[in-house]
Amino acid sequence: MQVRNLSCQRDGRRLFAGLSFTLPASGALQIEGANGAGKTTLLRTLIGSAGDYDGQILWDGRPFPASLPQFRESLLYIGHRAGVRGGLTPLENLAWYGANRSAAMQALEQVDLFGFEDSLCQNLSAGQNRRVALARLFLPDAPSLWILDEPLAALDVAGVAALQGQMAVHLSRGGAMVFTSHQPVALAGLQGIQLADFAVDELAESAGGEHVFG
(Lines give C-alpha, C1' and ligand atoms only; values in the text may rest on other atoms or scores of the structure.)
Protein backbone atom coordinates (compact mmCIF):
# COMPACT_ATOMS: atom_id res chain seq x y z
CA MET A 1 0.00 0.00 0.00
CA GLN A 2 1.14 3.53 -0.82
CA VAL A 3 -0.29 6.80 0.48
CA ARG A 4 0.71 10.04 -1.22
CA ASN A 5 0.14 13.51 0.20
CA LEU A 6 -3.08 12.48 1.96
CA SER A 7 -5.36 15.09 3.49
CA CYS A 8 -8.52 14.00 5.33
CA GLN A 9 -11.56 15.94 6.45
CA ARG A 10 -14.41 15.29 8.88
CA ASP A 11 -17.52 17.45 9.17
CA GLY A 12 -15.94 20.01 6.88
CA ARG A 13 -12.78 20.34 9.02
CA ARG A 14 -9.41 19.26 7.68
CA LEU A 15 -7.83 16.94 10.27
CA PHE A 16 -4.37 16.49 8.80
CA ALA A 17 -2.51 16.98 5.54
CA GLY A 18 0.70 16.00 3.76
CA LEU A 19 0.70 12.39 4.98
CA SER A 20 2.68 9.97 2.78
CA PHE A 21 3.97 6.47 3.45
CA THR A 22 4.71 3.14 1.81
CA LEU A 23 3.77 -0.05 3.67
CA PRO A 24 5.62 -3.12 2.33
CA ALA A 25 5.00 -6.81 2.99
CA SER A 26 5.84 -7.66 6.63
CA GLY A 27 5.47 -3.96 7.54
CA ALA A 28 3.58 -2.82 10.63
CA LEU A 29 2.48 0.77 11.15
CA GLN A 30 0.87 2.18 14.30
CA ILE A 31 -1.17 5.35 13.87
CA GLU A 32 -0.93 7.52 16.97
CA GLY A 33 -2.72 10.68 18.03
CA ALA A 34 -5.00 12.24 20.58
CA ASN A 35 -8.76 11.68 20.52
CA GLY A 36 -10.18 13.64 17.61
CA ALA A 37 -6.89 13.72 15.71
CA GLY A 38 -8.35 11.64 12.89
CA LYS A 39 -7.07 8.10 13.55
CA THR A 40 -10.38 6.36 12.80
CA THR A 41 -11.04 8.69 9.88
CA LEU A 42 -7.66 7.76 8.44
CA LEU A 43 -8.34 4.02 8.76
CA ARG A 44 -11.77 4.38 7.17
CA THR A 45 -10.19 6.36 4.34
CA LEU A 46 -7.56 3.67 3.84
CA ILE A 47 -10.23 0.98 3.41
CA GLY A 48 -12.21 3.08 0.93
CA SER A 49 -15.16 3.81 3.25
CA ALA A 50 -14.55 7.55 3.62
CA GLY A 51 -14.26 9.61 0.48
CA ASP A 52 -13.67 13.10 1.86
CA TYR A 53 -9.93 13.28 1.18
CA ASP A 54 -7.31 14.65 -1.16
CA GLY A 55 -4.20 12.80 -2.28
CA GLN A 56 -3.69 9.25 -3.55
CA ILE A 57 -4.06 5.78 -2.05
CA LEU A 58 -2.58 3.00 -4.17
CA TRP A 59 -2.73 -0.79 -4.01
CA ASP A 60 -0.28 -2.76 -6.16
CA GLY A 61 0.60 0.49 -7.89
CA ARG A 62 -2.98 1.26 -8.92
CA PRO A 63 -4.89 4.15 -7.30
CA PHE A 64 -8.26 4.03 -5.61
CA PRO A 65 -11.02 3.69 -6.67
CA ALA A 66 -9.93 1.53 -9.62
CA SER A 67 -7.98 -0.86 -7.37
CA LEU A 68 -10.62 -1.11 -4.61
CA PRO A 69 -12.14 -4.49 -5.66
CA GLN A 70 -8.70 -6.15 -5.73
CA PHE A 71 -7.68 -4.35 -2.54
CA ARG A 72 -10.69 -5.53 -0.56
CA GLU A 73 -9.94 -9.15 -1.47
CA SER A 74 -6.66 -8.71 0.42
CA LEU A 75 -8.13 -6.76 3.36
CA LEU A 76 -9.21 -7.74 6.85
CA TYR A 77 -10.67 -4.72 8.63
CA ILE A 78 -11.90 -4.59 12.22
CA GLY A 79 -13.24 -1.23 13.31
CA HIS A 80 -14.60 0.15 16.58
CA ARG A 81 -17.80 -1.80 16.05
CA ALA A 82 -17.41 -5.55 16.22
CA GLY A 83 -19.20 -6.17 12.92
CA VAL A 84 -20.69 -9.37 14.37
CA ARG A 85 -24.16 -10.59 13.40
CA GLY A 86 -26.18 -10.88 16.60
CA GLY A 87 -28.58 -13.48 15.21
CA LEU A 88 -25.71 -15.88 14.52
CA THR A 89 -23.46 -17.81 16.88
CA PRO A 90 -19.69 -17.20 17.00
CA LEU A 91 -19.21 -20.37 14.93
CA GLU A 92 -21.74 -19.20 12.36
CA ASN A 93 -20.16 -15.75 12.17
CA LEU A 94 -16.76 -17.28 11.40
CA ALA A 95 -18.32 -19.71 8.94
CA TRP A 96 -19.72 -16.69 7.10
CA TYR A 97 -16.08 -15.72 6.49
CA GLY A 98 -15.35 -19.17 5.09
CA ALA A 99 -13.96 -20.94 8.15
CA ASN A 100 -14.71 -24.61 8.71
CA ARG A 101 -15.76 -25.80 12.16
CA SER A 102 -12.32 -27.02 13.18
CA ALA A 103 -10.56 -23.78 12.23
CA ALA A 104 -13.31 -21.68 13.82
CA MET A 105 -13.16 -23.63 17.07
CA GLN A 106 -9.39 -23.19 17.26
CA ALA A 107 -9.73 -19.46 16.60
CA LEU A 108 -12.42 -19.05 19.28
CA GLU A 109 -10.28 -20.93 21.78
CA GLN A 110 -7.41 -18.50 21.06
CA VAL A 111 -9.66 -15.57 22.05
CA ASP A 112 -10.98 -17.36 25.15
CA LEU A 113 -14.46 -18.07 23.80
CA PHE A 114 -14.39 -21.86 24.11
CA GLY A 115 -17.80 -22.90 25.40
CA PHE A 116 -19.59 -19.93 23.83
CA GLU A 117 -19.34 -21.15 20.24
CA ASP A 118 -23.04 -22.04 19.98
CA SER A 119 -24.44 -19.04 21.90
CA LEU A 120 -26.19 -16.35 19.92
CA CYS A 121 -23.94 -13.31 19.71
CA GLN A 122 -26.84 -11.07 20.71
CA ASN A 123 -26.70 -12.77 24.11
CA LEU A 124 -22.97 -12.19 24.56
CA SER A 125 -21.36 -9.13 26.10
CA ALA A 126 -19.85 -6.34 24.02
CA GLY A 127 -16.39 -7.55 24.99
CA GLN A 128 -17.18 -11.10 23.92
CA ASN A 129 -18.53 -9.88 20.59
CA ARG A 130 -15.31 -7.94 20.13
CA ARG A 131 -13.39 -11.17 20.65
CA VAL A 132 -15.59 -12.93 18.08
CA ALA A 133 -14.45 -10.29 15.60
CA LEU A 134 -10.80 -10.66 16.64
CA ALA A 135 -11.05 -14.44 16.16
CA ARG A 136 -10.91 -13.74 12.41
CA LEU A 137 -7.23 -12.88 12.88
CA PHE A 138 -6.58 -16.44 14.06
CA LEU A 139 -8.15 -18.13 11.05
CA PRO A 140 -5.90 -19.82 8.51
CA ASP A 141 -5.44 -18.05 5.17
CA ALA A 142 -6.32 -14.66 6.66
CA PRO A 143 -6.06 -11.78 4.15
CA SER A 144 -2.62 -10.24 3.73
CA LEU A 145 -3.43 -6.71 4.94
CA TRP A 146 -4.91 -6.07 8.37
CA ILE A 147 -6.33 -2.64 9.25
CA LEU A 148 -7.38 -2.62 12.88
CA ASP A 149 -8.90 0.11 15.05
CA GLU A 150 -7.88 -0.35 18.71
CA PRO A 151 -7.60 -4.16 18.52
CA LEU A 152 -6.19 -4.45 22.07
CA ALA A 153 -9.02 -2.49 23.71
CA ALA A 154 -10.87 -4.33 26.50
CA LEU A 155 -8.57 -7.37 26.38
CA ASP A 156 -7.03 -8.81 29.51
CA VAL A 157 -3.30 -9.49 29.85
CA ALA A 158 -3.59 -12.98 28.36
CA GLY A 159 -5.71 -11.70 25.49
CA VAL A 160 -3.23 -8.94 24.68
CA ALA A 161 -0.36 -11.45 24.67
CA ALA A 162 -2.24 -13.84 22.40
CA LEU A 163 -3.18 -11.11 19.94
CA GLN A 164 0.31 -9.62 19.82
CA GLY A 165 1.66 -13.10 19.19
CA GLN A 166 -0.72 -13.59 16.27
CA MET A 167 0.19 -10.18 14.86
CA ALA A 168 3.86 -11.22 14.94
CA VAL A 169 3.02 -14.49 13.17
CA HIS A 170 1.13 -12.58 10.48
CA LEU A 171 4.14 -10.32 9.84
CA SER A 172 6.49 -13.31 9.74
CA ARG A 173 4.35 -14.78 6.93
CA GLY A 174 4.68 -11.64 4.82
CA GLY A 175 1.47 -9.96 5.93
CA ALA A 176 1.22 -6.26 6.71
CA MET A 177 -0.88 -4.17 9.06
CA VAL A 178 -1.93 -0.68 9.98
CA PHE A 179 -3.53 -0.20 13.39
CA THR A 180 -4.33 2.24 16.16
CA SER A 181 -3.77 1.52 19.84
CA HIS A 182 -3.67 3.49 23.06
CA GLN A 183 -1.71 0.62 24.59
CA PRO A 184 1.96 -0.13 23.93
CA VAL A 185 2.41 -2.84 21.30
CA ALA A 186 5.46 -5.09 21.24
CA LEU A 187 6.22 -5.95 17.61
CA ALA A 188 9.65 -6.18 16.04
CA GLY A 189 10.15 -3.52 13.39
CA LEU A 190 6.99 -1.60 14.33
CA GLN A 191 6.93 1.93 12.92
CA GLY A 192 4.73 4.80 14.00
CA ILE A 193 3.09 7.89 12.57
CA GLN A 194 2.01 10.65 14.94
CA LEU A 195 -0.91 12.51 13.37
CA ALA A 196 -0.05 15.62 15.36
CA ASP A 197 2.99 15.95 13.08
CA PHE A 198 0.58 16.42 10.15
CA ALA A 199 -1.99 18.61 11.85
CA VAL A 200 -2.97 21.43 9.52
CA ASP A 201 -2.22 24.26 11.92
CA GLU A 202 1.24 22.84 12.62
CA LEU A 203 2.13 21.73 9.12
CA ALA A 204 5.48 23.07 7.98
CA GLU A 205 6.28 23.63 4.34
CA SER A 206 8.78 20.79 4.45
CA ALA A 207 6.29 18.26 5.86
CA GLY A 208 4.85 15.41 3.82
CA GLY A 209 8.03 13.54 2.98
CA GLU A 210 7.42 9.89 2.30
CA HIS A 211 8.01 7.27 4.99
CA VAL A 212 9.10 3.80 3.84
CA PHE A 213 8.72 1.08 6.45
CA GLY A 214 10.40 -2.27 6.63
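The values are calculated or read from the model by the stated rules, or taken from the named source; none is laboratory data. Bear in mind that the values here come from a model prediction, so they are computed numbers and not experimental data. Counting neighbours? That spans all protein chains shown, and the Cβs are built from the backbone with ideal geometry, glycine included. The accessibility values were calculated without ligands, DNA or RNA, using every heavy atom of the protein model including side chains. Shrake-Rupley method; radii C 1.70, N 1.55, O 1.52, S 1.80 Å.
For Glu117, are the conditions met, namely being farther than 30 Å from Leu19 by Cα and among the acidic types (Asp, Glu)?
For Glu117, the condition - farther than 30 Å from Leu19 by Cα and among the acidic types (Asp, Glu) - is met.
Could you grab the pairs with beta carbons closer than 7 Å, sequence gap of 6+ or different chains, first residue in region 87-98 and in contact (Cβ under 8 Å) with a residue 24 or more places away in the chain, second one charged (D, E, K, R) and surrounded by fewer than 16 Cβ atoms within 10 Å (Cβ to Cβ)?
Matching pairs, first to second residue: Thr89/Asp118; Leu91/Arg101; Leu91/Asp118; Asn93/Arg85.
Determine whether region 51-65 contains at least one residue that is in contact with a Leu (Cβ under 9 Å, 6 or more places away or on another chain), polar (S, T, N, Q) and either closer than 17 Å to Leu145 by Cα or at pLDDT below 95 (or both).
No: region 51-65 contains no residue that is in contact with a Leu (Cβ under 9 Å, 6 or more places away or on another chain), polar (S, T, N, Q) and either closer than 17 Å to Leu145 by Cα or at pLDDT below 95 (or both).
Could you check region 47-89 and list, in sequence order, the residues that are closer than 24 Å to Arg131 by Cβ and either open to solvent by less than 20 Å² (accessible area, probe 1.4 Å) or of a type in the set (A, V, I, L, M) (or both)?
Ile47, Leu75, Leu76, Ile78, Gly79, Ala82, Val84, Leu88, Thr89
Just for region 143-163: of the residues that are open to solvent by 20 Å² or more (accessible area, probe 1.4 Å) and touching a Leu at 6+ places or on another chain (Cβ under 7 Å), which one is nearest to His80 (Cα to Cα)?
Leu155
Looking at Leu6, is it farther than 15 Å from Leu145 by Cβ and either in a loop (DSSP other than H, G, I, E, B) or touching a Ser or Thr at 6+ places or on another chain (Cβ under 9 Å) (or both)?
So Leu6 passes the test.
Going residue by residue through region 114-126, is there one that turns out to be touching a residue at least 12 places away in the same chain (Cβ under 8 Å), in a helix (DSSP H, G or I) and over 19 Å from Ala99 (Cα atoms)?
yes
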